[in-house]
Every structure is written in structure tokens, then in C-alpha cells.
1. Looking at this structure, is B:Gly166 in contact (Cβ under 8 Å) with a residue 40 or more places away in the chain and surrounded by fewer than 18 Cβ atoms within 10 Å (Cβ to Cβ)?
2. Any residue that is more than 28 Å from A:Arg108 (Cβ to Cβ), free of Cβ contacts under 8 Å to residues at least 40 places away in the same chain and surrounded by 12 or more Cβ atoms within 10 Å (Cβ to Cβ) - is there at least one of those in region A:16-24?
3. Quickly run through region A:391-420 and pick out the residues that are touching a Phe, Trp or Tyr at 6+ places or on another chain (Cβ under 6 Å), assigned to a loop (DSSP other than H, G, I, E, B) and at pLDDT 95 or above.
4. Which one of the conditions (1) under 29 Å from A:Leu243 (Cβ atoms); (2) within 14 Å of chain B (Cβ to nearest Cβ) does A:Ser365 fail to meet, given that it meets all the rest?
5. Among the numbered conditions (1) within 14 Å of another protein chain (Cβ to nearest Cβ); (2) more than 30 Å from A:Leu407 (Cβ to Cβ); (3) free of Cβ contacts under 8 Å to residues at least 60 places away in the same chain, tell me where B:Lys142 comes up short.
6. Could you check region A:356-367 and list, in sequence order, the residues that are under 25 Å from A:Ser397 (Cα atoms) and at pLDDT 95 or above?
7. Can A:Arg267 be described as more than 21 Å from A:Ser326 (Cα to Cα) and at pLDDT 95 or above?
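The values are calculated or read from the model by the stated rules, or taken from the named source; none is laboratory data. Keep in mind the model is a prediction, meaning the values are calculated, not measured. Neighbour counts are summed over all protein chains in view; Cβ atoms, including those assigned to glycine, are modelled from backbone coordinates with ideal geometry.
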Amino acid sequence: MYWPEEWSDPEQLSLLHGTPINCLVTEREFPSAFIDRALRLGIEIVLKGTRAEVLWSGTSGAAWKSPAEVLAISDGVWPGVPATREDGGASAGPTGVPWVDSNGWRIRLALAMRPSKPVWIAVGSPKKVGVLRKEDYVLAVADAAAYGGRWVIWLDRELRDGLTQRSGNALDVWRGIVETLRFFEQQSRQQDFRPAATWGVVSDFSGGNEFLSHEILNLMMRRHLPFVILEKSGAATADFEGLLAVVYPDREAPGRALERKLERFIRQGGLLVVNKNYPVPRSPSAGTDPYGRFRIQRLGKGRIAVSVQDLADPYLTVADAHLILSRRHDLFRLYNGGSVYVYLTRGDRAGLTLIQLLNYAARSSANLISLALRDKYRTARFRSLEDPHGKYLELQSVENGWFELHLPPFAVYALIELEG
Amino acid sequence: MLTRRELVGGLLLIGTKPKAFSLNKSAARVAVAKCHNYGSELLPTMERMVDQLGGLGRLVKNRTVAIKLNLTGTATSRMGCRPAGLAQWPHPQVVAATVHLLDKASARRIRLLESPWSTADPLEEFLLQAGWDPDMFVGCGKRVEFENTNWLGSGKKYSRLVVPYGGYVYKAYDFNHSYEDCDVFVSLAKLKEHGSTGITLSMKNCFGNLPATIYGEGAGKDEPSLLPQGGRHMLHSGKRQPAGHMEIDPSSPREEGYRVPRVVVDVVAARPIDLAIIDGIESMAGGEGPWIRGVRPISPKLLVAGTNCVATDSVATALMGFDPMADRGTAPFEKCDSTLRLAEAAGLGPRDLRQIEVVGVPIAEAVCRYRSAGTSQM
């Protein structure tokens with residue numbers, strides 16, 4: 001948590017009593033009495049920029065190989081639906097679905113590049129103008145935690161003043177933050193889960209490839225494509241189990257070992273989506289994508305789709321790739337989803353799947369959400385921040401062999417535990 | 001003398017003589033049937049209805065048949081938890097049964113058409129996103145195809161079809177080639193009310209024939225845009241003109257209750273409906289889609305079909321508990337002009353039930369009053 005500069009009285013540390021918060025980030029030295037009290041309470045203090053164990057960096061240009069224990073991402077966003085129109089409304093994409101700000105892809109990228117090392121989202125104050133609601137804070141916690149990171153809690157002036165005065169409203173917001181933290185603390189087994197993926201994104205995620213590869217991750221989340229991030233240098237030996245398609249957007253050709261691996265993947269039935277100058281083996285043409293932006297060739301049982309021009313628009317790259325593979329291979333579909341993102345992970349323990357849903361509008365919708373699943377499960381338990389204990393939902397068989405869950409309303413976050 | 005707008009907009013149609021189809025003005029017969037569900041009862045019921053209309057063979061044998069679906073809104077919008085086929089869209093089993101019956105009547109080729117909201121993606125992908133399986137329809141006929149008609153699609157140019165009576169709003173309209181490249185045109189709609197036009201049935205379904213690349217929010221000013229974006233608001237509001245067209249009377253009201261019914265009738269006259277089928281087994285009342293506040297599920301358990309769209313829609317309107325002779329100010333046309341009246345005035349068919357032969361279940365035995373039935377889900 002960013003500890004407010006004006007809270008130098010050790011008594012104010014009582015706010016943290018009984019909470020999962022055990023680390024304070026400060027930008028100045030605090031009095032020794034304060035530090036002593038914090039240490040006695042088991043709370044660590046990190047003076048920003050002084051501890052080698054914490055690397056403060058954006059995902060852009062990040063020193064992924066840094067030996068620092070913690071990566072604190074400083075170019076993240078306050079999650080939510082950004083109000084970018086003059087009337088305060090949200091701007092939308094080509095199909096009218098509002099744009100969403102999420103740190104999910106940043107956290108996932110950081111964990112892929114630095115496995116098992118903690119990732120913080122250290123955004124500080126939001127760009128959003130106006131009062132931050134409790135749900136905005138809850139979403140900030142959930143947006144980081146759902147993907148395996150931690151949000152460095154930042155409190156705006158109004159909340160700080162309210163907590164100082166112990167106002168009812170401020171304490172309610174604080175309780176919301178703490179209860180959300182506790183909810184995720186109790187889900188510690190999430191660390192044993194891996195992304196369920198039918199898509200792989202292979203890239204060096206840096207240099208001239210950085211913008212495109214990062215935005216592809218962002219937009220894959222938006223499009224609800226279940227993907228795994230494969231850093232290029234290790235991709236030749238990575239596990240491609242379950243993948244139906246791989247996107248390799250880098251301008252440079254892969255190394256020989258990776259090139260052979262990708263060719264094997266295609267020949268065994270996979271789809272590879274690549275940039276214009278990729279060294280494509282000679283093979284029969286299989287036409288183009290519906291918009292003529294990719295040339296498709298058949299190779300063994302699979303296909304390779306080569307961009308006709310240099311890939312420059314990540315939105316179109318992801319949309320086109322999805323179309324070329326086809327929605328026929330979707331793992332799930334969301335109805336009345338609005339600004340909800342879905343993150344599917346599978347546990348090391350066989351038969352357990354977690355589906356996390358984050359509602360970036362941060363308010364319950366009047367439209368009931370349905371989640372359709374391709375695979376069959378025995379049970380589905382639904383939990384939310386409103387109902388942490390949760391309840392079992394009926395898996396309804398629908399046409400085409402799919403199953404549906406009709407979800408109870410939730411404002412920010414819900415978790416579905418699927419067994420079988 | 002052509003304006004620059006008309007000249008530039010017409011470049012895509014160089015060498016094309018605007019096409020006018022002949023209208024079906026034969027005696028109006030409409031089949032009404034009760035059908036309790038989309039299961040085993042559906043196909044025999046629809047077979048009986050087409051027999052009552054004189055069979056499909058004479059209409060479709062060895063011909064290319066286009067079916068305009070009624071897939072309004074996005075693929076993932078639902079009224080509560082109800083799949084779209086039980087609310088705002090015709091049910092996929094009705095679509096499949098229609099394809100099967102046309103194939104059985106020896107249609108040479110069957111093409112499913114729709115202009116899905118704000119996308120040029122293949123229609124099959126839109127169906128998949130909604131949870132439908134396109135293979136289900138492919139399996140119902142020897143040659144079944146799909147086309148997204150919201151843009152140029154697989155055509156090389158748009159087809160300009162002329163409104164035979166001169167038009168209420170425009171003299172002609174530009175369509176995806178599929179509406180011209182068919183011998184028989186079927187409108188397969190849902191039995192619903194509509195926020196702008198009071199009702200949406202086989203005729204209003206054809207508002208969606210028009211590509212958003214020309215008539216949509218993101219359409220080019222002087223020429224069609226490459227891709228569709230948004231809805232056809234310029235036809236609702238009249239705030240700007242579509243590329244290549246000038247309105248007949250630019251001083252006419254800029255109000256959607258005036259404009260949309262007239263555009264609907266123009267479109268239907270330009271590309272007539274040879275067979276109208278309306279799915280009213282499970283539907284929604286209070287509006288045309290889940291985005292309308294106060295919509296609610298309704299179960300009329302009805303199917304309606306006819307070879308004259310005005311007559312078919314008029315019978316369907318009566319089955320919803322409304323008077324097809326009503327006009328602006330009276331339900332269902334409280335805020336708009338009556339599409340039925342305008343269509344009748346244009347010579348497209350009768351709306352007076354006394355001039356319509358209803359076969360099957362009498363209207364009085366089948367009425368489901370939309371304004372008083374159902375409970376709100378929103």
C-alpha cells in the first residue's frame with residue numbers, strides 16, 4: 001500500500017490491524033517511531049527507489065532479466081471503463097462494446113517473463129476525474145489479484161481524509177478493499193493454476209515488437225481468447241499442449257529451433273498466424289481470410305496465415321486471427337457480458353477449472369449474464385465478493401452439445417469453480 | 001443532371017441497369033397455425049402451412065432462394081437468460097425447417113442472408129458467436145450458403161433496385177448483390193413489437209437488407225465505406241444522405257416515426273417478398289430486442305406464413321391483439337405511421353382482414369394480446 005505522507009503518527013498503523021496488508025510503499029523517510037511500530041506489527045516499509053529487491057518499471061522497456069525479486073509495474077492503469085467522451089460517457093470499439101482498461105495482460109506478461117516472481121501494479125493516482133467509489137477500489141484489487149499480481153493500494157484525498165476522521169463512508173470503502181484482499185488471500189491455490197489456452201502468443205515482447213505484441217495480449221483478453229504467453233527464447237522447448245493456434249507477430253524470423261517447432265505444430269493441425277516476412281515453407285494455397293489481409297497456406301494437417309502487409313493494427317490482427325481459426329473452437333461464450341472479462345485457468349489437480357469474471361463497469365448489470373461452456377463439468381460453484389461462500393449452479397445442457405450457467409448478479413468479481 | 005454525389009456514388013454500378021422486380025398482387029392467403037414448441041411438432045406444422053398456401057414447388061423449384069433472417073442486435077444480447085431464438089430472433093429450428101422445406105420443394109440453391117450489427121464478419125461466424133451451428137442448416141439442403149449482406153460481401157458491386165411506385169423516401173436503394181441474385185426471396189421474421197415502427201414482422205425485417213456501408217453511421221459520405229459500422233441511423237433521422245442518393249423530399253419530417261415505415265415499404269417494394277414466415281412460438285413483448293426497457297417473454301405458440309407480405313403482417317398484427325387498420329396515435333402505432341397502411345397505399349397488398357383469406361386457425365382462436373401478456377424481465 002502507498003502509505004500517505006501525512007500519516008506519520010504510528011497510531012494510524014492501527015488501520016492495518018487484522019488486514020492482509022503487510023508492506024507499505026513510501027516516497028519519503030518516516031520517523032523512526034513510525035518505522036519501529038510498523039516492524040513490530042510485521043509490516044515492511046519500502047522506500048521507493050532504495051530497495052534493490054524491487055524493480056520499478058513499466059512493461060514498456062522492462063528489464064525482464066533483472067535479478068530484483070519484485071517487479072512493480074508503473075505504467076499500468078486504473079482498471080475500469082474509461083470515460084473518454086466529452087459527455088463523460090465511455091468510448092467504444094468498432095462494434096460498440098466499450099473499451100476496458102485492465103492490467104491483466106501486463107501481469108500475465110510479467111509472470112511469463114519472470115515466473116514465480118511477485119508482480120505489483122503500482123499505478124498511483126488514476127487519470128479518472130471525479131470521486132472514486134468503493135467499487136473502483138475493489139476492482140483495482142481484483143484486477144491485479146485475479147491474474148496473479150498485487151495492486152499497490154493508493155487512496156485518494158477524499159478517502160484519506162475520511163479515514164483520518166473515521167467517517168462511516170470512508171470506513172465502508174476501506175472494508176471493501178480489505179475484504180477483497182482477504183477473499184483473494186483465501187484463494188491462494190490460484191497460484192497452482194495455469195491459463196487454459198487454445199491460443200499461444202510467441203514473441204520477444206520487446207524492442208520493435210513491443211507495441212504490437214503487448215497490444216495483441218490486451219486485445220486477446222478483450223476478445224475472450226484463452227491464451228498462453230510464450231517468450232520467444234524459450235518457446236522452442238515450451239509445451240504447446242492444447243493449443244489450436246499460435247500468433248507470432250515479430251518482424252524478425254524465429255531461430256531455427258523455434259521455426260522447426262512451429263512447423264511441426266502446423267503440420268500436426270495447428271494454425272500459425274505470422275507477419276509478412278516470415279519464412280514460409282512452399283505449400284499449397286488455401287485462399288485468404290474474409291478481408292484479404294492474410295494469405296493462407298496449407299501445410300500438413302494445419303495452416304499458416306501470412307499477413308499481406310506488415311502487421312500494424314493489433315485490433316485487426318487479433319480479430320482476423322480469431323476469424324481464420326473460427327469461433328467454432330471457442331472454449332466459452334459470454335452473453336450479456338458487457339464489460340466483463342473472463343480468465344480461465346486449470347489446476348494441477350486434475351479436473352479442476354477456475355473461471356474468473358471481472359466486471360470493469362464495476363456495477364451490477366440489469367442484464368443477467370450467461371456463460372456457455374464447450375466442455376462438460378460435473379459441478380459448478382459460483383462465488384462472488386457479495387457471496388464469498390457461494391452456491392452451486394445448474395449446468396444446463398443446450399444445443400450443439402454445450403452447457404450454460406446462468407450467473408447471479410455481481411458488481412465486480414466472481415469466481416466459478418468447475419469440477420469434473 | 002446528376003449531382004457529384006449521385007455520380008460518385010453510382011460509380012460502383014456503372015453499366016448496371018437498375019432492376020425492378022414484379023410484385024405479387026395475387027389474392028392474399030395467410031396460414032396461421034398453433035405450435036407449442038420447436039420440437040417434433042414444428043416441421044409437420046410448417047409443412048401443413050405451406051400446403052395450405054399452395055405448396056412451395058411452384059415457387060422455388062430449380063430456383064435460387066434467399067432467406068433474410070431476423071437476427072437483430074448483437075450475437076450475445078439476451079433478454080435475461082433466454083437464448084435469442086426464444087426472444088428476439090426466429091428460432092434456429094424454424095430456420096432449419098424452412099431450409100428443409102425449400103430443399104424438399106427442389107430449390108436449386110438456398111442462401112441465408114443477414115446484415116449483422118456493425119460487422120462484415122462471415123455470417124457463419126456471427127451465428128457461432130450466438131451459439132448456433134451453421135452446419136445445422138447446411139445439413140438441411142443440398143446447397144446452402146451464407147452471406148453477410150451488411151457490406152459488399154462476395155459481390156463485385158452493390159445492386160441498385162428501383163422502387164416501382166417512385167418511392168416514399170428514395171427512388172431506389174442499394175443492396176448487397178444477394179438480394180438481386182436470387183429468384184425467390186423469403187423474409188423469416190419474429191412476431192414482435194418495435195420501438196420505432198410499432199411492429200416488426202416480415203416487412204420491417206427487410207430494413208436490415210440495407211448495408212450499413214451505405215446507410216450506416218460510419219458510411220462514407222460520397223461513396224460506400226469498406227466496412228459497416230453502427231446502425232442505419234441516417235434512415236431514422238435523415239440528418240444526412242446515403243452516398244449516391246438524394247432524398248425525394250428533403251423537407252419531409254426528420255422523424256423516425258415518419259421515415260422508417262416509409263423506408264421499409266420502399267425496400268419491400270424494391271425487393272419484394274415472395275414468402276413471409278413469422279415465428280411466434282416463443283417471442284418477446286414490449287419491443288424488438290433486449291435493449292428496450294420493459295421487454296418481457298411471451299408465448300403466443302403461433303406460426304404465420306403467406307405469399308403476400310402485407311396480408312401476412314396484417315394477420316400477424318391482429319394475432320398480437322392489434323387492429324391492422326390502426327394508424328398513428330393508436331396502438332401499436334402510437335408514435336409512428338403505419339407500415340401496413342403505407343404498404344397498402346403503395347399497392348403492395350391488403351391490410352383489411354376482410355380482404356384476406358386466413359387458413360388454418362382462425363384469428364379469434366389464436367390471438368395473444370401482446371400489451372397485456374407476459375411479465376417484465378428487465
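1. The answer is yes for B:Gly166.
2. yes
3. Scanning region A:391-420 gives a single hit, A:Leu395.
4. (1)
5. (1)
6. Residues satisfying the conditions are A:Gln356, A:Leu357, A:Leu358.
7. So A:Arg267 fails the test.
Residue by residue, here is whether (1) surrounded by fewer than 22 Cβ atoms within 10 Å (Cβ to Cβ); (2) among the hydroxyl-bearing types (Ser, Thr, Tyr); (3) within 14 Å of chain A (Cβ to nearest Cβ) holds:
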site: B:Leu86; (1), (2), (3): yes, no, yes
site: B:Thr98; (1), (2), (3): no, yes, no
site: B:Thr119; (1), (2), (3): no, yes, yes
site: B:Leu123; (1), (2), (3): no, no, yes
site: B:Met136; (1), (2), (3): yes, no, yes
site: B:Ser154; (1), (2), (3): yes, yes, yes
site: B:Arg160; (1), (2), (3): no, no, no
site: B:Ala172; (1), (2), (3): yes, no, no
